[in-house]
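Okay, structure first, notes after.
Each reported figure results from applying straightforward, stated rules to the coordinates on display, with no laboratory input. Please read these numbers as outputs of a predicted model, since none were measured by experiment. Here the Cβ positions follow ideal geometry from the backbone for every residue, glycine too, while neighbour counts run over all protein chains shown.
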Amino acid sequence: MASTDDTRGLLTLGVSTVVGGLLLYRAYSASAAIRAKQHAATKARRLAQEKEFGSGSGNRPRLASLTMERRKVTVQVPATTANMGSGYDCLGMALDMWNELTVERSSKFEIIAEGEGADDLPLDETNLVVVGLKSAFGAAGKPVPPLKYHMINKIPHGRGLGSSSAAIVAGILAGLALTGHRLEVQGKEGVLQLATEIEGHPDNVAPAMYGGIQLGLYSEEEKRWATERLSLPHGLIFVMFIPTFVGKTSELRKVVPKKVSMADAVFNMSRLAWFINALNTGKVKNFREGLRDRLHQPYRAEAVYTHLDPLMKAAYDAGAAGAYLSGAGPVVMAITSGGSGDYFTQLQKESNDIKVARAMTKVAQELNVPGKVYITHPTQTGGVIVSADPPYSTELVEFNGGT
């Protein structure tokens, strides 16, 4: 009897023998049977999904899973750093630090929270994840069924890194996926409208949703919230000092004046324009002037954050290109440049992020401000669905990661 290796040789050479013919026929038959079985299983699974969740729209049943309801979905949403000095309430950027949310249909309402802020988060329907999800179901015109929420949070809670916006965006994306509902984005930014109605301003929710650095406003012309992506020079590294204490945005807004002088308004307008131009032209050396602010940082530094000015000075003295209060704080953010490729395989002398981190830590210790340093970089990707049941991928189209 011929061995497997012998058989491959006979088939490759095209030798016609009884043994070779039998083995060839049997191999083909087995392969055909497997393919037929897999095809039947796929078809049965799709029909079952369509029966339970709906067949989608149009005459392309193999792509119906794009719009059907789902049992379970997992989304990831990045941290964001907002205000960025002169860009109070209108400028924000996504950072490579992610929260993960899994929502699945259940027999009862339940929230499980892990990671950052788990002990402080509400485990009822006031949780911003649930608020965001409800708004998505409302947009779809569907009632919210009993759901189980599982949050794995990497974004520090209440530190000025957009944890609230990440929760809102995660809930909205999960809700849209579960309902199979889609919103117009180009020209309407339907998802952004839902998020901003909850958050109140776009500086965090826009980058959490779209990634990159986003400039946002309420358009008097179009009567809606609108955003635009700005250019972002390559190689920026963000060094943040994260105090152990939290800052409450609602309280911190109270120390910011509701009226400012014309001189201060012009000061901030010119610095914001200067910073945006620095982003567009890649002139990192101009960041420092562009990040100067007179609308919120001085008031928050005087009333609450005595560590802000000393840590910013330490960052600049160590060679940072920029420094500012992230969001409503208490995180102090510093920007360095020189990053290229993988962080841990690049010569340390090619960037000064470690030097800046050490300088900020030293001053914080001298001020008795406990905390830690976290180093990361911008991400051009916003909130994304990473897993779904039924999956979005089909026999014809597989999405990134087999989602």
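Once amide H atoms are placed 1.01 Å from N in the peptide plane, what residues at a sequence separation of 5 or more from G85, or on another chain, have their amide H within under 5 Å of its amide H?
L325
Can you tell me the length gained on complete extension of the stretch T403 to Q365, counting 0.36 nm per residue apart and subtracting the Cα distance? Intermediate values should be presented prior to the final figure.
Numbers: separation 38, 0.36 × 38 = 13.68 nm, distance 4.51 nm.
Computed gain between T403 and Q365 is 9.2 nm.
So which trypsin sites (Lys or Arg not before Pro) in segment 66-121 end up in coil per DSSP with only 13 or fewer other C-beta atoms within 10 Å? Walk me through the numbers before you get to the answer.
Working: sites: R70, R71, K72, R105, K108; in loops: R70, R71, K108.
Answer in residue order: K108.
Trypsin sites (Lys or Arg not before Pro), restricted to segment 159-266: which are DSSP loop and have at most 15 other Cβ atoms within 10 Å? Present the calculation step by step, with values, prior to reporting the outcome.
Numbers: sites: R159, R182, K188, K223, R224, R229, K248, R253, K254, K258, K259; in loops: R159, R182, K188, K223, K248, K254, K258, K259.
When the trypsin sites (Lys or Arg not before Pro) of segment 159-266 are filtered for loop state and at most 15 Cβ neighbours within 10 Å, R182, K188, K223, K248, K254, K258, K259 remain.
Can you give me the long-range amide H partners of G115? Hydrogens built in the peptide plane at 1.01 Å from N, cutoff under 5 Å, separation of 5 or more residues or another chain.
Sorted by chain and number, the residues that satisfy this are N153.
Please get the size of the charge dipole for segment 233-376, origin at its Cα centre, with Cβ charges of +1 on Lys and Arg and -1 on Asp and Glu, quoted in debye to the nearest 20. Walk me through the numbers before you get to the answer.
Numbers: 18 positive and 11 negative charges, 62 e Å.
Using Cβ point charges on Lys, Arg, Asp and Glu, segment 233-376 gives about 300 debye.
Within a Cβ distance under 13 Å of E104, other residues only, what is the Lys/Arg minus Asp/Glu net charge?
Numbers: positive: R70, R71, K72, R105, K108, K148; negative: E69, E110, D389.
My count for the surroundings of E104 gives +3.
Between V386 and residues 5 or more places away or on another chain, which pairs have amide H atoms under 5 Å apart, with H built 1.01 Å from N, and which residues are they?
Amide H neighbours of V386: T74, V75, Q76.
Quick one: order V77, V369 by neighbouring beta-carbon count within 10 Å, fewest to most. Write down the numbers at each step before the final one.
Values: V77 30, V369 20.
Listed from fewest to most nearby Cβ atoms, that is V369, V77.
Please name whichever of V260, I375, M333 sits farthest to the positive end of the charge dipole of segment 233-376, dipole taken about the Cα centre and charges placed at Cβ: Lys and Arg +1, Asp and Glu -1.
V260
Rounded, prolate or oblate: which one fits segment 233-376, using the alpha carbon gyration tensor with axes a ≥ b ≥ c (rounded when a/c is under 1.5, else prolate when a/b beats b/c, else oblate)? All intermediate terms of the calculation are to be shown ahead of the outcome.
Working: a/c = 2.29, a/b = 1.24, b/c = 1.85.
In terms of gyration-tensor shape, oblate.
Kindly put D264, D389 in sequence by how many other C-beta atoms sit within 10 Å of each C-beta, fewest to most. Walk me through the numbers before you get to the answer.
On the way: D264 15, D389 12.
Listing D264, D389 from fewest to most nearby Cβ atoms yields D389, D264.
Among residues other than A334 whose Cβ falls under 12 Å from its Cβ, what is the net charge (Lys/Arg +1, Asp/Glu -1)? Intermediate results must be reported in sequence, preceding the final value.
Numbers: positive: R288, K313, K355, R358; negative: D317, D353.
Net charge in that neighbourhood comes out at +2.
How big is the gap, in Å, between the Cα center of segment 304-357 and the Cα center of segment 241-275?
Segment 304-357 and segment 241-275 have Cα centres spaced 20 Å from each other.
Classify segment 269-321 as rounded, prolate or oblate, taking a ≥ b ≥ c as the square roots of the eigenvalues of its Cα gyration tensor: rounded when a/c is under 1.5, otherwise prolate if a/b is larger than b/c and oblate if not. Show your work: numbers first, answer last.
Details: a/c = 4.29, a/b = 1.48, b/c = 2.90.
Since a/c reaches 1.5 but b/c is at least a/b, the shape of segment 269-321 is classed as oblate.
Sorted from fewest to most neighbouring beta carbons within 10 Å, what does the list W98, W274 look like?
Numbers: W98 22, W274 19.
The fewest-first ordering by Cβ neighbours comes to W274, W98.
Specify which residue in the list G247, L295, M360 is farthest towards the positive end of the charge dipole of segment 233-376, using unit charges on the beta carbon of Lys, Arg (+1) and Asp, Glu (-1), about the Cα centre.
L295
Among the listed pairs K142/K248; K154/K248; K223/K248; K258/K285; K285/K349; K108/K248, which have their C-alpha atoms separated by more than 23 angstrom in this model? Intermediate results must be reported in sequence, preceding the final value.
Values: K142/K248 33 Å; K154/K248 19 Å; K223/K248 30 Å; K258/K285 32 Å; K285/K349 18 Å; K108/K248 32 Å.
Pairs exceeding 23 Å: K142/K248; K223/K248; K258/K285; K108/K248.
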